[in-house]
Amino acid sequence: MSEMSVMGVMKSIIPITRFNKGEASRIFEEVENSGTKVVMKNNRPACVLMSPEKYESLMEMLSDYILLEEAENRMAHFDPKETISQTEMMESLGITDADLDEIEVEIE
């Protein structure tokens, strides 16, 4: 580990006593300005503070990873003999092209 990464970790650690001293606003500013903070309680990590944008980004990344894992699993077990055409599927469900024309779809 380089000195810079060790220093980065050290700067990200916040003792919970800072919250008890009424420094929450200052801590939230630090998170906004410098990134993620790890709150320590009894010398153990108690929680991680990060911006909502960072949290959302991580959750999207996790969701994408789970979907990728599922897709890879499905492809590993894919058997073309078990597939049916779109036309066959629509017939089995009783859906016509006219039914689909009536549906509005919005893609983001």
So for the chain, averaging the separation of alpha carbon pairs under 8 Å that are six or more residues apart and normalising by length, what relative contact order in percent results? 15 percent
Accessible solvent surface per residue of the chain, calculated while the other protein chains remain in place, 1.4 angstrom probe, Å²: 90 Å²
Could you work out how far apart the two model spin labels at Glu70 and Glu104 are, taking each label as a point 7 Å from the Cα in the direction of the beta carbon, and quote it in nm? 2.8 nm
Specify which labelled value, from (i) -0.44, -0.59; (ii) -0.78, -0.91; (iii) -0.54, -0.70, agrees with log10 I(q)/I(0) by the Debye sum over Cα atoms at q = 0.14, 0.16 Å⁻¹ derived from the coordinates of the model shown. (ii)
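For the range 1-40, take the alpha-carbon Rg, divide it by the Kirkwood Rh, and send me Rg/Rh.
Checking Rg against Rh, the ratio lands at 1.03.
At 222 nm, what helix-only mean residue ellipticity would the chain give, in deg cm²/dmol to the nearest 500, using -39500 (n - 2.57) for each DSSP H run of four or more?
Dividing the helical sum by the residues of the chain leaves -17500 deg cm²/dmol.
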Give me D for the range 58-108 in µm² s⁻¹, whole number, from Stokes-Einstein with Rh from the Kirkwood sum over alpha-carbon pairs, 4 °C and 1.567 mPa s. 91 µm²/s
Which one, Ile95, Ala76, Thr17, is farthest towards the positive end of the dipole of the chain when Lys and Arg carry +1 and Asp and Glu -1 on their Cβ? Thr17
Can you give me the % of accessible surface on the range 37-84 that is carbon or sulfur? Probe 1.4 Å, all protein chains present, nothing else counted. 57 percent
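The values are calculated or read from the model by the stated rules, or taken from the named source; none is laboratory data. Model, not experiment: these values are computed from the prediction. As a convention, Cβ positions derive from the backbone with ideal geometry for all residues, glycine included, and neighbour counts pool all protein chains shown. For accessibility, only protein heavy atoms count, side chains too; no ligands or nucleic acids. Shrake-Rupley method; radii C 1.70, N 1.55, O 1.52, S 1.80 Å.
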